[in-house]
Amino acid sequence: MLFVTKRSGGAEPFSRDKVINGVRKACQGRPVREEDLKALGQKVEEDLRSRGLAEVTSDEVGKAILKPLRDLDEVAYLRFASVYQDFSGLEDFQHAIDELRSKER
């Protein structure tokens, strides 16, 4: 079983549903299908389990979400990243947008 260590120090079993629900919020109003969310949840879980660890941090879960979410929907990616990475202003958004543009090339 895979456990996630939370920022508070506690640990809980990994939940694909929790990943999907968190990403669903970032995808509100976007053209993202439920099947896409489920596939993203599966990718994240497979990525984390492939590391062979019994426990990962909530930060590692967030990082594992970012790439497949960026590939799925860039607006949802920016929404999720702004909360996960605690954006403090427009400069943080601009930096994330610049990164997205540089990866398109």
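General remarks:
- Listed by first and then second residue, the pairs linking a residue in segment 35-57 that is open to solvent by 90 Å² or more (accessible area, probe 1.4 Å) to a residue that is in a loop (DSSP other than H, G, I, E, B), with Cβ atoms under 7 Å apart and 6 or more places separating them unless they lie on different chains, are ARG49/LEU2.
- Looking only at segment 64-105, and only at residues there that are hydroxyl-bearing (Ser, Thr, Tyr) and exposed (fewer than 12 other Cβ atoms within 10 Å of the Cβ), the one that is farthest from LEU48 (Cα to Cα): SER88
- Scanning segment 8-33 for residues that are open to solvent by less than 70 Å² (accessible area, probe 1.4 Å) and at negative phi yields a count of 13.
The values are calculated or read from the model by the stated rules, or taken from the named source; none is laboratory data. Keep in mind that this is a model prediction, so the values were computed, not measured. In this analysis, Cβ positions are derived from the backbone assuming ideal geometry, glycine residues included, and neighbour counts consider all displayed protein chains. The area values use the complete protein model at the heavy-atom level, side chains included, leaving out ligands, DNA and RNA. Shrake-Rupley method; radii C 1.70, N 1.55, O 1.52, S 1.80 Å.
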